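Data block below; observations after.
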Amino acid sequence: MKRIAENGSEGSDGTAGRGNELGKDSPFDNLENWFGQAKPRRCTTFTWFCERLAANSILSLVTTLLTIYALIGDDMRLIFSEKAADDTFNIITTVTMVVFGLEVIINTFGKQGYLCGFFFLLDFGSTITLILDLTYVSEALFGDSISSAQALAGASAGPVVQGPVDQSSSQSADAARAARMSRVGTKAGRVVRLLRLVRLIRLVKFYQKNTSSPKYQAGESVEATPGMDWEEDDDDMQKESAVSKKLSEMTTRRVVMLVLVIMLSLPFFQPGMYNDDLSTSAQYGVNVLYRRWRDDMSLYEPYANDTAQAAYMSSKGREVYVDDFFLYSYYHSPFTQEDLKPSTAVSSPLSSFNSLFFAGVHPDNETLGQFFLPSFEGRGTGSYDPNARFAGTDWLYYQGNLTSDPEALLFVPYPNTTSCVGGAARGVSLLAAIDANLDCPEKLRYNERTVIVPTAATSAEYEEIHFIFVFDRRSGARLEAILNTAQTIFICFLLGFGAMTFSQDANRLVLTPIERMISKLDKIRNNPLEAMTIGDEEHHREQVRAIKRGQQREPNDPESAAKRGCCSRCCSATLKCIRRRSSAPKQIPEPMETVVLEKTIIKIGSLLALGFGEAGAEIIGQNMRGGDSAALNAMIPGRRVEAIFGFCDIRNFTDATEVLQDQVMVFVNRIASVIHSCVNEFFGNPNKNIGEAFLLTWRLSGYSPAKQKKLADMSLLSFIKIIAQINKSPLLAEYRNHPKLAKRLPNYRVRMGFGLHSGWAIEGAIGSEFKIDASYLSPNVNMAARLEAVTKQYGCLILMTDAIIKLMSVEVSEECRIIDHVRLSATKEPFKLYTYDLNDLALEVEAAVTPPQPVQGTLSDGARKTETQNREAAQKKDKYRLRHERERTKAERWSDDFQMCFMLTRDADIVTMRNKFTSEFFCRFNMAYLNYEAGEWGVAKDMLEVTRFLLATEDGPSAALLRYMKQYDWEAPAGWTGYRVLHDK
């Protein structure tokens with residue numbers, strides 16, 4: 001990317017000159033280093049940047065932490081801080097809003113389908129609701145009358161005489177209800193943000209599974225071995241599929257809507273949303289005090305003159321007012337102590353979250369306001385002690401002392417009272433005796449105080465002057481915040497658990513099988529030949545599960561089975577019979593359709609791999625990768641490949657077919673099993689089965705020269721091993737004694753001819769829309785077939801061209817014998833023929849391994865059926881074990897340290913078949929061939945007659961050269977160039 005930016009030739013979006021726009025030192029030049037992924041050329045730099053950020057784990061972690069703060073940050077503010085710290089929380093909230101806003105922008109450009117989608121609206125709404133967490137916004141919208149008065153006082157130059165403080169308690173209750181609804185909606189919008197974390201749980205589990213599994217440890221490679229417990233693999237987290245993402249999103253969406261509906265609608269089912277409960281003591285007491293005070297003001301008019309004032313201050317009405325005022329103050333005392341509360345007390349002010357904090361009047365009217373505070377001149381000095389009157393321990397409602405001097409606390413000359421709320425109210429603070437900072441109501445948050453004003457007043461009386469009692473409810477606000485936090489955590493846990501629970505069954509029964517299928521399909525897309533391995537592994541898992549659940553016993557070991565006596569078998573059969581009769585038959589559960597579909601996909605993939613082979617892998621892969629259409633395109637263009645082609649043919653097949661009739665399929669398949677297994681063991685691939693003939697390939701394209709050399713060695717070794725296995729197989733040895741074959745073909749044994757050549761070919765589909773074969777078209781393929789046909793003329797088992805000899809390693813090619821220099825009638829260029837001499841008659845047939853037969857009369861038909869099932873299970877397990885052993889052997893041979901030439905000298909079968917051929921024989925034949933090629937046919941004749949029977953049996957290549965020279969009376973024809981035209985018919 002940096003190079004493009006410097007040159008300015010092409011930008012990241014494919015437009016010219018983009019690099020010049022960004023500049024040479026653009027910070028976007030090294031973005032792929034930040035995220036570990038190259039930037040696509042067809043998207044803008046900004047879009048690509050947003051895509052990477054949207055998938056970045058650090059951003060997800062930051063937004064998750066800020067989401068948690070948005071959920072409980074406001075409650076933490078009420079629990080652990082005072083009003084002075086609100087500005088700090090406002091800053092954090094503002095930063096959170098900015099980050100959430102950036103997240104919305106990033107997801108808008110970085111995620112397809114996000115804009116105007118469900119989660120876009122959810123994120124946008126959650127971000128907007130954070131405005132309500134800003135204290136100055138929430139106080140302006142949901143604050144009490146003092147909050148409103150503060151706002152007006154800040155906007156006006158002078159004191160407020162009338163204003164928002166003039167609100168009734170019902171209006172305050174409406175504001176409180178609105179605030180509660182806002183908090184509910186805000187919490188609901190933010191709680192559902194956390195629901196998206198449910199989708200991340202699968203990714204976290206998948207990451208933990210990968211990093212903790214030994215398979216993924218750096219530098220380690222865990223290979224599947226026979227007996228490995230594959231049961232654990234059933235629960236492995238697969239890559240999340242598109243179906244899983246969609247279903248998870250739909251489930252989350254429904255849970256979100258359910259949460260929103262429940263949390264927003266529940267308050268409407270509470271009576272308090274429509275009417276207030278019974279008036280509280282605070283409200284009733286204020287009404288009684290105010291009504292008594294207003295009536296006395298009207299009756300005595302103490303503000304008129306000193307005489308009226310003196311008369312009122314010593315009147316009985318004033319005495320009653322003062323007593324009621326003190327009773328009100330004691331009833332809501334903030335000084336009551338729990339440890340002084342007597343055991344006989346029923347209740348106390350501590351039972352309420354509200355305690356009296358401030359007592360004052362509004363507006364600041366000294367004429368009437370001077371008579372508000374409780375002072376009474378009708379008693380003598382020191383003769384009245386409110387503590388003795390109201391704080392007794394014999395009260396059922398224990399109130400405690402109101403400081404040591406209650407009169408000094410409450411009776412303050414009006415000019416000495418505190419002006420609060422921007423001059424809108426004047427009064428005294430009871431808590432100032434404890435905390436000098438708490439002298440006015442505005443020192444508490446609006447949700448930490450309760451404002452009580454009288455409602456038993458006319459509009460004129462209210463506007464002229466009214467009482468304001470402010471209660472401290474900080475303990476209630478803290479508890480409410482704690483409960484809100486606990487509720488939020490509980491809801492998050494409940495909804496997260498619920499979202500997972502809702503989708504658990506769908507995940508287990510549908511999504512997990514689908515993701516397993518997709519995982520297997522991905523493997524088959526990338527390597528269609530992998531389907532057969534997947535099928536074997538899946539079958540092995542089934543066996544392990546069956547053994548674990550007790551539905552199937554391990555196949556019996558023949559040795560241990562022979563040691564068990566008849567008594568133990570009879571006892572076992574008796575117990576099974578009793579158990580079967582005493583219990584109801586256990587119903588075998590019907591397999592799930594998803595399981596059937598998964599196994600069907602594996603079988604179809606295996607059949608495709610078997611039917612098409614390596615040549616059809618591209619056809620399978622391309623059609624399976626085109627998942628957006630159901631159209632089949634089997635006739636894809638062919639491609640040129642370099643490969644080694646081997647062709648082998650069963651000798652005397654026509655006679656064998658006529659004799660064996662319907663058993664000829666068994667005969668061919670037994671031979672095919674040997675051929676295919678040996679070729680696969682040496683990294684070859686069967687391509688065509690044409691009756692008695694087989695086309696085999698070793699693809700060279702894509703491999704380094706060293707690996708191509710190894711593949712050439714392997715192709716020869718695979719043919720050698722096929723010859724050995726055919727002659728050692730006890731199954732194929734049975735045909736030597738077949739009466740009809742022996743009668744028609746005396747001394748019959750299964751023998752084959754092999755041709756090996758290397759060159760180019762076109763790999764692809766051959767046929768039409770009705771039937772295709774995946775194979776190779778090339779003269780080089782035909783050359784291999786012609787070589788096999790010529791083996792009969794030369795009396796040898798394997799024929800090779802110099803093209804394959806040149807590919808082989810020096811050590812292997814030196815073991816091959818050059819036997820002729822020819823040009824086929826259908827070719828223009830001559831080539832040299834080579835063979836690898838083998839005496840297949842020297843090998844002995846392996847001893848047949850037959851399973852032990854049950855003793856006659858000791859086992860029932862059911863027992864014999866069980867024995868048969870056990871043998872079949874053992875064979876399947878052996879197949880799985882042999883496959884893994886073969887894969888391990890192939891891996892060893894494919895390593896750079898392994899030399900294929902060592903097998904020619906160390907393999908017991910090869911050594912046995914090569915013992916007949918001596919160094920003298922090879923030296924004499926080589927000299928004879930050089931004379932033949934040089935035109936010295938007389939000398940060559942003498943030498944070839946010696947080598948023809950030097951090994952006791954006739955040497956085919958010597959005889960073939962002698963036959964050809966005899967046609968020309970042992971004289972080389974005129975114009976002899978060292979090669980001859982060979983007719984393969």
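Things to note:
- With R₀ fixed at 25 Å, the C-beta to C-beta distance from Leu350 to Ile489 puts the FRET efficiency at about 0.35.
- Greater than 20 Å apart at Cα, pairs in Lys83/Lys341; Lys688/Lys771; Lys709/Lys828: Lys83/Lys341; Lys709/Lys828
- Once the Cα-Cα distance is subtracted from the 0.36 nm per residue extended length, the Glu464 to Phe268 segment shows a gain of 66.8 nm.
- When the residues Ile489, Ile452 are ordered by accessible surface, computed with a 1.4 Å probe over the protein chains alone, the sequence from largest down reads Ile489, Ile452.
- Nearest-10 value in Å² for the accessible area of Glu829, using the 1.4 Å probe: 130
- For Thr977, solvent-accessible area (1.4 Å; no DNA, RNA or ligand), Å²: 100
- In this view, the solvent-accessible surface of Phe335, computed with a 1.4 Å probe and all protein chains in place, comes to about 40 Å².
- Treating r as the C-beta distance of Ile482 and Ala311 and R0 as 60 Å, the FRET efficiency rounds to 0.65.
- If you sort His362, His738 by accessible surface, 1.4 Å probe, largest first, the order is His738, His362.
- Hz values of 3J(HN,Hα) by residue in the stretch 945-960 - Karplus curve (6.51, -1.76, 1.60), Gly and Pro given as x: 5, 6, 6, 4, 10, 5, 9, 6, 9, 5, 8, x, x, 4, 5, 5
- Taking 17 Å as the cut-off, the amide N atoms of the stretch 736-761 that come nearer than this to a point 7 Å along the Cα-to-beta-carbon line of Gln661 belong to 738-744.
- Protein-only accessible surface order, largest first, of Ile766, Ile91, Ile818 at 1.4 Å: Ile91, Ile766, Ile818
The values are calculated or read from the model by the stated rules, or taken from the named source; none is laboratory data. These figures come from a predicted structure and were not determined experimentally. Ideal geometry is used to build each Cβ from the backbone, glycine not excepted, and the neighbour counts take in all protein chains shown. Protein only, heavy atoms only, side chains kept; ligands, DNA and RNA dropped before computing areas. Shrake-Rupley method; radii C 1.70, N 1.55, O 1.52, S 1.80 Å.
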